[in-house]
Amino acid sequence: MTNDREPEKHRSSSRQEPAEERVPAPEAMRSAVQQLAELLGRAPESVSALKPTDEGWEAQVEVLELERIPQTTSVMAAYRVSLDPAGKLLAYERGRRYTRAQIDRGTSR
């Protein structure tokens with residue numbers, strides 16, 4: 001027997017919103033390059049690292065900062081780029097700067 005004075009109980013849906021689908025790695029790479037180029041006004045030369053994260057993707061993008069002659073003395077910069085799962089830029093940060101001819105020594109960065 002139900003009592004008309006009792007408030008009706010609504011069940012909350014146990015279904016959660018579907019998680020945002022992650023774009024494939026090649027699309028994330030292209031997205032990182034295109035969006036960073038738009039912000040910096042310079043075309044990145046390469047993506048040297050890309051990894052999935054809980055927030056989406058993280059890429060390291062190499063950019064020519066200062067062109068010199070000979071080219072081996074040109075100044076490059078490594079940018080860390082964070083993307084959401086759909087490939088939209090969330091943040092970027094310039095890391096180290098180096099000459100094009102410089103070789104990484106050891107694991108220090």
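The values are calculated or read from the model by the stated rules, or taken from the named source; none is laboratory data. Quick caveat: nothing in here was measured; it's all calculated off a predicted structure. Note that each Cβ is placed from the backbone with ideal geometry, even for glycine, and that neighbours are counted across all protein chains shown.
Does V61 count as at pLDDT 95 or above, in contact with a Leu (Cβ under 8 Å, 6 or more places away or on another chain) and not small (G, A, S)? Judged against the criteria, V61 is a match.
Inclusion of T53 among residues that are more than 17 Å from the chain's Cα centre (by Cα) and in contact (Cβ under 8 Å) with a residue 24 or more places away in the chain is not warranted.
Scanning the range 54-109 for residues that are surrounded by 15 or more Cβ atoms within 10 Å (Cβ to Cβ) and aliphatic (A, V, I, L, M) yields A59, V61, V63, L64, V75, M76, A77, A78, V81, L83, L89.
Residues of the range 83-97 include none that is within 19 Å of V23 (Cβ to Cβ), free of Cβ contacts under 8 Å to residues at least 24 places away in the same chain, out of contact with any Ser or Thr (no Cβ under 6 Å at 6 or more places or on another chain) and not β-branched (V, I, T).
The residue that is modelled with the highest pLDDT, counting only those in the range 38-58 that are over 18 Å from R97 (Cβ atoms) and not in a strand (DSSP E or B), is E38.
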